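Novice: Supplied in structure tokens, the structure appears directly below.
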Amino acid sequence: QVQLVESGGGLVQPGESLTLSCAASGFTFRNYEMAWYRQAPGKERERVARITSVGYTSYLDSVKGRFTISRDNAKNRVYLQMNSLKPEDTAVYYCKRVLYDYWGQGTQVTVSS
């Protein structure tokens, strides 16, 4: 069955960077569009970035120019490079196979001085 395991979160100061990683299994990864979502305390979950099977990307307006989504089909992994982090980026981050109802455990990102 589909499994997604996120990692790479942590506590950083404003302006610093983090790279999240998501290991996928249980399906033919290269064929599917993937996305990163986040959920901050008391807020709705929102999609941060998505990447198609052939590498086209799109981003939430508030992260454009700071975040980069990428994938390695040989390793069945999707990544989220996050630069110039802001306190408002604090959330639990999840990766997801688009149009498939499964969520991993997420990884906590906290941006604070």
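Novice: Compute a Gaussian network model of the chain, connecting alpha carbons closer than 10 Å, and tell me which residue from LEU99, LEU18, LEU60 fluctuates the most.
Specialist: LEU99
Novice: Could you pull out the trypsin sites (Lys or Arg not before Pro) across the stretch 13-62 that fall in loop regions by DSSP (anything but H, G, I, E, B) with no more than 15 other Cβ atoms inside 10 Å? Working shown, then result.
Specialist: Working: sites: ARG30, ARG38, LYS43, ARG45, ARG47, ARG50; in loops: LYS43, ARG45.
Sites meeting the loop and neighbour criteria: LYS43, ARG45.
Novice: Can I ask one more? Based on the Cβ-Cβ distance of SER53 and SER113, what FRET efficiency does E = 1/(1 + (r/R0)^6) give at R0 = 35 Å, to the nearest 0.05?
Specialist: Numbers: r = 39 Å, r/R0 = 1.12.
Once rounded, the FRET efficiency stands at 0.35.
Novice: Gaussian network model of the chain, Cα springs within a sub-10 Å range: biggest mean-square fluctuation belongs to which of ALA35, ALA23, ALA49?
Specialist: Of ALA35, ALA23, ALA49, the Gaussian network model singles out ALA23 as fluctuating most.
Novice: Here is a follow-up. Which value, in Å², gives the accessible area per residue of the chain when a 1.4 Å probe is used on the protein heavy atoms?
Specialist: Numbers: 6070 Å² over 113 residues.
The answer is 54 Å² per residue.
Novice: Another question about this same structure. Run the accessible area of the stretch 19-75 with a 1.4 Å probe and give the carbon-and-sulfur part as a rounded percent.
Specialist: Working: 1410 of 3190 Å².
Within the stretch 19-75, the accessible surface is 44 percent carbon and sulfur.
Novice: Going by the alpha-carbon gyration tensor, a ≥ b ≥ c the square roots of its eigenvalues, is the chain rounded (a/c under 1.5) or, if a/c is not under 1.5, prolate (a/b greater than b/c) versus oblate?
Specialist: Working: a/c = 1.80, a/b = 1.59, b/c = 1.13.
The shape class here is prolate.
Novice: Follow-up question, since we're still on this one. Antiparallel as a % of all DSSP beta bridges within the chain, to the nearest 5? Mind showing how you got there, number by number?
Specialist: Working: 34 of 37 bridges.
The antiparallel fraction comes to roughly 90 percent.
Novice: Which lysines, on any chain, are close to LYS64 with Cα under 19 Å apart, when same-chain ones fewer than 8 places away are left out?
Specialist: LYS86
Novice: Express in nm, to one decimal, how much length is gained between GLU16 and GLN3 on full extension, taking 0.36 nm for each residue of separation and deducting their alpha carbon distance.
Specialist: Numbers: separation 13, 0.36 × 13 = 4.68 nm, distance 2.94 nm.
Here the answer is 1.7 nm.
Novice: How much accessible surface does TYR59 have with a 1.4 Å probe, in Å² rounded to 10?
Specialist: About 60 Å², rounded to the nearest 10.
Novice: Output ³J(HN,Hα) for the stretch 98-113: one whole-Hz value per residue in order, computed from phi by the Karplus curve 6.51 cos²θ - 1.76 cosθ + 1.60 with θ = phi - 60°, and x for Gly and Pro.
Specialist: Computed from phi, the couplings for the stretch 98-113 are 4, 6, 10, 8, 8, 10, x, 7, x, 9, 7, 10, 10, 10, 7, 8 Hz.
Novice: Work out the FRET efficiency for ARG66 and ASN31 from their Cβ-Cβ distance, taking R0 = 30 Å, and round it to the nearest 0.05. Please list the in-between numbers first.
Specialist: Working: r = 29 Å, r/R0 = 0.96.
The formula returns an efficiency of 0.55 here.
The values are calculated or read from the model by the stated rules, or taken from the named source; none is laboratory data. Predicted model only: the values in this text are computed from it and were never measured. Methodologically, a virtual Cβ is constructed for each residue, glycine included, from the backbone with ideal geometry; neighbour enumeration extends over all protein chains shown. These accessible areas exclude ligands, DNA and RNA; they are computed on the full protein's heavy atoms, side chains included. Shrake-Rupley method; radii C 1.70, N 1.55, O 1.52, S 1.80 Å.
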